[in-house]
1. Mind telling me which of the residues Gly125, Gly148 ends up being over 30 Å from Gln277 (Cβ atoms), at pLDDT 95 or above and in the same structural domain as Asp21 (by TED's automatic domain parsing)?
2. Please find, within segment 101-159, the residue that is farthest from the ligand (Cβ to nearest atom) out of those that are farther than 17 Å from Tyr26 by Cα and among the hydroxyl-bearing types (Ser, Thr, Tyr).
3. Take the conditions β-branched (Val, Ile, Thr), crowded, with 20+ Cβ neighbours inside 10 Å and at negative phi and apply them to Val218. Does it pass?
4. Between residues in segment 82-108 that are over 19 Å from Ser268 (Cα atoms) and touching a residue at least 12 places away in the same chain (Cβ under 8 Å) and residues that are within 6 Å of the ligand (Cβ to nearest atom) and assigned to a helix (DSSP H, G or I), which pairs lie under 8 Å by C-beta distance while being six or more apart or on different chains?
5. Condition first: more than 21 Å from Lys164 (Cα to Cα), among the small types (Gly, Ala, Ser) and either modelled with pLDDT of 95 or more or not assigned by TED's automatic domain parsing to the domain that holds Leu104 (or both). Can you find one or more residues in segment 291-308 that meet it?
6. Take the residues of segment 67-96 that are within 15 Å of the ligand (Cβ to nearest atom) and part of a loop (DSSP other than H, G, I, E, B): which is surrounded by the fewest Cβ atoms within 10 Å (Cβ to Cβ)?
7. Being more than 16 Å from the ligand (Cβ to nearest atom), closer than 11 Å to Ala174 by Cα and surrounded by 16 or more Cβ atoms within 10 Å (Cβ to Cβ) narrows it down to one residue among Leu305, Leu298, Leu261, Leu275; which is it?
Amino acid sequence: MRSYTLLAPAKINLYLEILGDRPDGYHELIMILQSIELADQIEVRANGTEKIRLFCPHPDVPLDESNLAYRAAKLMTENFPKVYANLGGMDITLDKRIPIAAGLAGGSTDAAAVLVGLDLLWQLGLTQPELQTLAAQLGSDVPFCIAGGTAIATGRGEKLDPIKDLDNLWIVLAKYRNIAVSTPWAYQTYRQQFKTNYLQENSDIQSRTSEIHSGPLVSAIVHKNPQKIGQLLYNDLEKVVLPEYESVAKLRNILAEAGGLGTMMSGSGPTVFTLCQSEAEAKQIRHQAESEIGDPTLDFWVTQLTNKGIQVVL
Ligand code: ATP
């Protein structure tokens, strides 16, 4: 049976601003998303049955329809019923390396990999925009995960505007193994606390979006100015997650004091990252924070920014 193995990189948010509410119940966002080399590995294999079967040894990963990778496969069978009827179902095997419920879009990137994998397995020849349209039906972060790199994301996060890639910087990621933050909880709590500041008019949302597009962080990325990028990292969700999770707030402070270009929580957290000039600097910051905090349930990763989205492993 034919199979494809894919690498599915995680993402961090260099910027996340919540602008307002949308009629569909989601938030109107402006984000700058960045792929990183920390990646799950996913195999998609024709199984000669009618079934979509999911395999993952990680105890916290659901193996039913609630798994985004499963939902991606289901979506493909619904959109290409004739191909599915001819070629049958598939076995999807997830090798999870991205921490779960960490604000790193782990589930979203797995779903993106399944879309790309089935496009190849079924020889559909879908274009990048076609894949991204399917991806948007699965979740706000999934379209970005297909192409990866560095992009401004607006709307729910699904409208993408790629910017010059940043692939020469390093990061230290840190996450407490036993803390998981629910993304819906973070956004709902933000709404409860900050709704009065939301922009109401579409024109105001448009002008704030334009301000960010032509603002200092995008300019620093385009001109590859790491110091400026580090100073301008921003995430609105820190306002609700850090007060709720004292240990994450403390971790953020310790990482920020340990050096690097800038420190920020990614997405809805609880992963915190420090942007660094080099691998050596990232390792030194990791070592310092690790020995200062001394908690065996605190996991660290040193990894690089990447300009790649889903990749086929040859
Ligand atoms: P985001 O940054 O997009 O908000 P996240 O990185 O915070 O996502 P995920 O790792 O995608 O969060 O997991 C969130 C929840 O989704 C988990 O608690 C898990 O139950 C469920 N889930 C569904 N599919 C997957 C998957 N393929 N891998 C991991 N978790 C998944």
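The values are calculated or read from the model by the stated rules, or taken from the named source; none is laboratory data. Because the structure is predicted, anything quoted here is derived from the model rather than measured. Please note: Cβ atoms are built from the backbone with ideal geometry, for glycine as well, and neighbour counts cover all protein chains shown.
1. Going through Gly125, Gly148 in turn, the sole match is Gly125.
2. Here the residue is Thr127.
3. Judged against the criteria, Val218 is a match.
4. Partner pairs satisfying both residue conditions: Ile92/Ala69; Leu94/Ala69; Leu94/Asp110; Lys96/Gly106.
5. Yes, segment 291-308 contains at least one residue that is more than 21 Å from Lys164 (Cα to Cα), among the small types (Gly, Ala, Ser) and either modelled with pLDDT of 95 or more or not assigned by TED's automatic domain parsing to the domain that holds Leu104 (or both).
6. Only one residue tops the list, namely Lys96.
7. Leu298
For (1) among the polar types (S, T, N, Q); (2) within 16 Å of the ligand (Cβ to nearest atom), each residue gets a yes or a no:
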| residue | (1), (2) |
| --- | --- |
| Ala10 | no, yes |
| Asp21 | no, no |
| Tyr26 | no, yes |
| Leu29 | no, yes |
| Gln34 | yes, yes |
| Val44 | no, yes |
| Glu65 | no, yes |
